[in-house]
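Inspection log for the structure reproduced underneath, given as structure tokens.
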2 protein chains.
Amino acid sequence: MVAPIDFYFEFASPYGYLASTRIDAIAARHGREASWHPIMLGAAFKLTGAQPLVHTPLKGDYMMRDLPRFARLLEVPFKAPPVMPVNSLAASRACIWLQQDDPKMAKALARAVLHAHWGEGQDIARAEDVADIARPLGIERAALLAAVADPAIKAGLKQATEAAIGRGVFGSPFVLVDGEAFWGADRLHQVERWLAAAGW
Amino acid sequence: MVAPIDFYFEFASPYGYLASTRIDAIAARHGREASWHPIMLGAAFKLTGAQPLVHTPLKGDYMMRDLPRFARLLEVPFKAPPVMPVNSLAASRACIWLQQDDPKMAKALARAVLHAHWGEGQDIARAEDVADIARPLGIERAALLAAVADPAIKAGLKQATEAAIGRGVFGSPFVLVDGEAFWGADRLHQVERWLAAAGW
């Protein structure tokens, strides 16, 4: 089995959502799997000086025009959530917790949370919001709420984010293919081409 | 004749260079022309708080890996110039001057300057550098040097940059297709698709 490709995303990033709807299919077409890594993008923004796009003059307006247009192109639902950027700590910690024993379930939860937030416009800030989204997947509510408050899980997310930054990750989505970095939902066609030919 | 598409770029922007090598062909495939608009991106950066990528932690390293890779994909030459970002006032003013009487010559000069700077790694900061690049195109050296120092031309570039910002332009490359905005060299395939079907 060849190594998976690494898909880094932030739940508060709409472009991370857009890419998440395609990354597994892209990997699968080339006999690969995608490992999903939720990160807290704010930690990287402290290094790069970046600001959330939605609060940036000119860029924020562009983004709010671009997002529904990009979503139509990908044929996925998009609805702007009430607060942007959302606090994604609870969702990210829940994924870190599930990854310990069941990476497939962690990915299923990540997908459900991204869909709820960016596809349906739901708030995902509170641990209770994440627990509501997790329940149809068979994830036990009390266990999730306990995990999200667990210092070891909190530390695990922090370490995962630092490890990502250590690999050069500074945005969402960010894909590493055998160490080769691609930033942005608009680079997925380059990811695919790189996978197809092991570079160009 | 349908309206041209608008291609905004900054001479100091390597992604503007990459897009410039494709934009005319993309427009032509859909019966359109591309109007080239050099802008001083620093004026937009003052509004958005953006910094030159090359000086940004993590992003700068990514860019220097991405640029030659992207250039190989487009099959165009790339050589990092000695100073980034270069002062592009002289090149931009020379284009503004030529646009008054001969837009085709302005585009030819822009193409030659972008190629010299990003394809060959030459410095283009001094008006003399631009005059050297302009000479094989038949552009008279003394006239160019005078135009670059002309207060009316300086004001023209400032106005052109402000007009671009007024249309929402904040980055390079930036393409407007019938008012629809696309930012980034990695969006050219979306530009092409928009042109092909008048939206999606």
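Quick note: the coordinates plus some simple rules give every number you see, no bench work behind them. Model, not experiment: these values are computed from the prediction. Virtual Cβ from ideal backbone geometry, glycine too; neighbours counted across all protein chains shown.
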Restraint check, B:K104/B:K154; B:K104/B:K158; A:K79/B:K59; A:K79/B:K158, Cα-Cα greater than 31 Å: A:K79/B:K158
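When the convex hull of the C-alpha atoms of region A:110-186 is computed, what volume per residue in Å³ does it have?
Numbers: hull volume 9.4 nm³, N = 77.
With only Cα atoms used, region A:110-186 gives 122 Å³ per residue.
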Local net charge near A:R141, Cβ-Cβ under 13 Å (Lys/Arg +1, Asp/Glu -1): -2
log10 of Debye I(q)/I(0), alpha-carbon scatterers only, for chain A at 0.15, 0.19 Å⁻¹: -0.92, -1.48
Estimated FRET transfer efficiency (A:A197, A:L74; beta-carbon r; R0 35 Å; 0.05): 0.90
Relative contact order computed over chain B (Cα-Cα under 8 Å; 6+ residues apart), in percent: 30
Minimum Cβ-to-axis distance in chain A for the rotation onto chain B, with residue, whole Å: A:D186, 2
Helix runs (DSSP H) in chain A reaching 15 Å along axis by Cα, Kyte-Doolittle at least 1.0: none
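How many Å³ per residue does the convex hull of the Cα positions in the protein assembly as shown occupy? Intermediate values should be presented prior to the final figure.
Values: hull volume 54.4 nm³, N = 400.
Output value, Cα hull per residue: 136 Å³.
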